[in-house]
Amino acid sequence: MKTLILFLSKYVFGYLLQDIIFIIGIHTFSKERVEKKTFFLMLSVFLPTNVIVRFLPMSYGIHILINIAVVLYVTYKFCEFELYVIIRSTLVIILLVLCNELICLATLLMSFGQPKTDQILHDSVAKAIVFVPFNILFGFLIYLYYRRTTKNLKR
């Protein structure tokens, strides 16, 4: 049961949701509509890459840099956006993800205090579960902004 909860919270509501947010966010800040074909193509590259890179024995910052490189390459290759637009959009969405994680961490610290927060962050199941509502809310906000931004764009 613990494995199922970890799988759902970490991979489905964690990596999958974050990759979906990234794809929608890149399109949002590029002021472009998401096309189904490109969306699933990008997701089919982002998700396995994200999971595989997380298992590699290197520091967390390197994981992020590799994922950013993959995001930039795949977006440039499949979406054919201007390179500077992709870089700008990627940086904006990364900064927003970092802000979301900082808000989550600050909320944990204010709610539970330092010792309990440390305990939660060291337990992979608890950590994954705690971050799910923040990821869902963040994804919802990005989606609303996407709808507002692309409302008047032609198909």
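Mind giving me the FRET efficiency for Ile103 and Lys36? R0 is 41 Å, r the Cβ-Cβ distance, nearest 0.05 is fine.
0.85
Sticking with the crude label model, points 7 Å out along Cα→Cβ, report the distance from Ser59 to Arg147 in nm, one decimal please.
Reported label-point gap for Ser59 and Arg147 is 4.2 nm.
Could you list, in their original order, any pairs among Lys31/Lys77; Lys37/Lys151; Lys10/Lys31; Lys10/Lys116 whose Cα atoms are separated by more than 23 Å?
Lys10/Lys31
Quote the FRET efficiency, to the nearest 0.05, computed for Leu83 versus Ile52 with a Förster distance R0 of 30 Å and r equal to the Cβ-Cβ distance.
That pair, Leu83 with Ile52, gives E of 0.75.
Could you do me a favour and compute the accessible area per residue for segment 61-107, 1.4 Å probe, result in Å²?
Solvent-accessible surface per residue comes out at 58 Å².
Report, in order of residue number, the helices in the chain meeting two criteria: a C-alpha extent of 24 Å or more along the helix axis, and a mean Kyte-Doolittle hydropathy of at least -1.0; treat each whole DSSP H run as one helix.
What comes out of the filter, once short or polar helices are dropped, is 36-55, 60-79, 83-122, 124-150.
Please report, as a whole percent, how much of the solvent-accessible surface of segment 90-130 comes from carbon and sulfur atoms (probe radius 1.4 Å). Display every interim value, and only then the final one.
Details: 1830 of 2500 Å².
Ligands and nucleic acids excluded, carbon and sulfur give 73 percent.
Can you give the calculated 222 nm mean residue ellipticity of the chain, where each DSSP H run of n ≥ 4 adds -39,500 (n - 2.57) and the sum is split over every residue, rounded to the nearest 500 deg cm²/dmol?
About -28000 deg cm²/dmol.
Among rounded, prolate and oblate, which fits the chain when a ≥ b ≥ c are the square roots of the eigenvalues of its C-alpha gyration tensor, a/c under 1.5 means rounded, and a/b larger than b/c means prolate?
The shape class here is prolate.
Does segment 1-68 come out rounded, prolate or oblate, given a ≥ b ≥ c as the square roots of the eigenvalues of its C-alpha gyration tensor, rounded meaning a/c under 1.5 and, failing that, prolate meaning a/b above b/c?
It comes out oblate by the Cα gyration axes.
The values are calculated or read from the model by the stated rules, or taken from the named source; none is laboratory data. Note that the structure is predicted; figures quoted are calculated from it, not measured. With ideal geometry, Cβ positions are generated from the backbone for all residues, glycine too; neighbour counts draw on all protein chains shown. Calculation scope for accessible area: heavy atoms of the full protein, side chains included, ligands and nucleic acids excluded. Shrake-Rupley method; radii C 1.70, N 1.55, O 1.52, S 1.80 Å.
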